[in-house]
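**Student:** Just dropping this structure here.
The values are calculated or read from the model by the stated rules, or taken from the named source; none is laboratory data. Values in this document were obtained by computation on a predicted structure and should not be read as measured data. Glycine gets a Cβ as well: all are built from the backbone with ideal geometry, and neighbour counts include every protein chain shown. We work out accessible area using only protein heavy atoms, side chains counted, and drop any ligands, DNA or RNA first. Shrake-Rupley method; radii C 1.70, N 1.55, O 1.52, S 1.80 Å.
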Amino acid sequence: MAKRSIPVAAADLGGNEEQYVVDAIRSTWISSTGVYIGRFESEFAKLCGTRAAIGVCNGTVALHLALLGLDVRPGDEVLVPSLTYIATANACRYVGAEPVFVDVDPETWCIDPGKLEPAITRRTKGIIAVHLYGHPADMDAICYLAGVHGLWVAEDAAESHMARYRGRPTGGLAQLATFSFYGNKIFTCGEGGALTLSDPQLELRLRTLRGQGMDPARRYYFPVTGYNFRMTNIQSAILCAQLERREQILAKRRKIFSAYRERLEGISGIGLQPNAGWAEAAPWLFSIVVDEKSFGRTRDELASLLAEEGIETRPFFLPLHLQPPFRQQSVERGERLPHTEYLASRGLNLPTYNTLPEEDIEFIADRIRAQRR
Ligand SMILES: Cc1ncc(COP(=O)(O)O)c(C=O)c1O
């Protein structure tokens, strides 16, 4: 039998994606004007329960624009989790601010509201709560604390499309939220991003900054220095087709999650992603935590054994406080992030994509079980 080759993620563009892209090309509206942009923005805002959504080129740019819009400046500090993709912290540096790392809560894998207060200084301006691996952060506790200290809160919802926190969708739980539509995300357009928010003044500021700083009411008059962070009509066309199929996409991925759960639960040494009582996590990448003592192998050993069987996996993010651009400052602040380091060294994302067949899930679970010693 031919060796299997199961990627960790794969885009599913099997709906109206092609038709809408062709339509955008035939219309010749291939830059950042065209019918699909407005349609994507209004549909996505509705789904997130916000007044507005603003399409941008990618999720990193969405974070950068968020911090510009919130007027974060050189010398400011922003509280972020260390267990996240590097874009969350890089964006702080783009505006001259310093990301200050806070440990995650082992019950959510997201920034721990109980650890925020000791990290606040007079330079702290806000908090970016990342809904890691689809699970929402505890937003009420975070927003309460932010309110007490006069800080803003932004959600990095790159990985949590359509997750719910106490019944409300992520993307509408703070001053603003950012999304990524990179190829491995639940909804994708290859490269793409968005911000969601409800404050009309902030929306105007963000739209102005996104479009080179041009005054929306006066063409070619630029009251501020802006950027070209715009999303194209082609990116929006793909997203419109993805959003049309959102229930189908989510249902497929939820089925994959329950198939994994059923087959992996009870394997000694394999921990599953926790689910807080108030959370409805987004089915992004199925995650496990490998405990060497009871499983008999490390996470990295398991990953290479699975790779030999043609199963691609992805280790959890290497903590940002240990990465070269941030390490020194983290040491100087004396940061201790034990839960982050525990998860980062043991966590593994398993293949998760809409078209992953049940027999492959069966095979993956079987191969994991077989590696236990
Ligand atoms: C938590 C998080 N934030 C930000 C990003 C950056 O998004 P992009 O790759 O679209 O720039 C990603 C992933 O790609 C992410 O996982």
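**Student:** For the chain, take N as its residue count and report Rg(C-alpha) divided by 2.2 N^0.38 Å.
**Tutor:** Compared with the compact-globule rule of thumb, the chain sits at 1.00.
**Student:** Another question, then. In the neighborhood of I364, defined by Cβ-to-Cβ distances under 12 Å, what is the net charge if each Lys or Arg adds +1 and each Asp or Glu adds -1?
**Tutor:** Here the charged neighbours net out to -3.
**Student:** Along the charge dipole of segment 246-370, pointing to its positive end and built from +1/-1 on Cβ of Lys, Arg, Asp and Glu, which listed residue (I267, I288, L306) has its Cα farthest out?
**Tutor:** I288
**Student:** Between segment 284-328 and segment 114-190, how far is it from one alpha carbon centroid to the other, in angstrom?
**Tutor:** 24
**Student:** What's the carbon and sulfur percent of segment 64-209's accessible surface, probe 1.4 angstrom, rounded to a whole number?
**Tutor:** 52
**Student:** Okay, next question. When you count, for each residue, the other Cβ atoms within 10 Å and take the mean per peptide, how do 191-199, 272-280, 114-122, 287-295 rank with the highest first?
**Tutor:** Highest mean packing first, the order is 191-199, 287-295, 272-280, 114-122.
**Student:** Quick one: which residues, 5 or more positions from M162 or on another chain, have an amide H under 5 Å from its amide H? H modelled 1.01 Å from N in the peptide plane, none for Pro or chain starts.
**Tutor:** For M162, whose amide H was placed from the backbone, the distant partners under 5 Å are T170.
**Student:** Still on this model: Given the options Y227, A157, G172, identify the residue whose Cα lies farthest towards the positive end of the charge dipole of segment 17-244 (+1 on Cβ of Lys, Arg; -1 on Cβ of Asp, Glu).
**Tutor:** Working it through, the farthest residue towards the positive pole turns out to be Y227.
**Student:** Starting from a Cα-only point model with no solvent, please compute log10 I(q)/I(0) by Debye for segment 154-264 at q = 0.17 1/Å.
**Tutor:** Debye curve over Cα of segment 154-264, log10 I(q)/I(0) at q = 0.17 Å⁻¹: -0.95.
**Student:** When the dipole is taken about the Cα centre of segment 17-244, and only Lys, Arg (+1) and Asp, Glu (-1) are charged at their Cβ, what size is it in debye, to the nearest 20?
**Tutor:** Roughly 760 debye for segment 17-244.
**Student:** Let me ask you something else. What's the whole-number percent of alpha carbon pairs in segment 246-370 lying beyond 23 angstrom?
**Tutor:** Of all Cα-Cα distances in segment 246-370, 38 percent exceed 23 Å.
**Student:** Ok, one more. What accessible area per residue, rounded to a whole number of Å², is obtained for segment 246-370 using a probe radius of 1.4 Å?
**Tutor:** Value for segment 246-370: 46 Å² per residue.
**Student:** If you count the DSSP beta bridges with both ends in the chain, what percent of them are antiparallel, to the nearest 5?
**Tutor:** Approximately 60 percent, going by the DSSP bridge assignments.
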